[in-house]
Amino acid sequence: MELEDNYLVYENWRAEKKAVVHKSNCAKAKKGHLKRTRQWMFNNFSPNGRWFGYFETLESAINFGTLLPNRKLKLCGRCLGDEKIEINKKTSP
């Protein structure tokens, strides 16, 4: 599996109470974590929050993100825009 096929979850402490799922090759994710390896990044702190990953599937990243207390889980609009649309279609009545 290529690194680009992995996912990360960013828990943001400052802006809103949210967590955002990103593809590991997303520009926002690259900016937030400097060391891009296959190494598990559990609890990797940054000034405004922390990164969790790498997750092999989008589903596993979402499942993990839903476990973070007091956080609204979102998908990155930049790197997961297509998946975001599909998820919204599936959850609409």
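The values are calculated or read from the model by the stated rules, or taken from the named source; none is laboratory data. Note that the structure is predicted; figures quoted are calculated from it, not measured. Every residue, glycine among them, receives a Cβ derived from its backbone with ideal geometry; neighbour counts consider all protein chains shown. These area figures cover heavy atoms from the full protein model, side chains too; ligands, DNA and RNA do not enter into them. Shrake-Rupley method; radii C 1.70, N 1.55, O 1.52, S 1.80 Å.
Worth pointing out:
- Estimated distance in nm for a label pair at residue 15 and residue 74, the labels positioned 7 Å out from Cα along Cα-to-Cβ: 0.7
- Summed residue charge, Cβ within 11 Å of residue 18's Cβ, Lys/Arg positive, Asp/Glu negative: +3
- Solvent exposure, largest accessible area first (probe 1.4 Å, DNA, RNA and ligands not counted), of 57, 66: 66, 57
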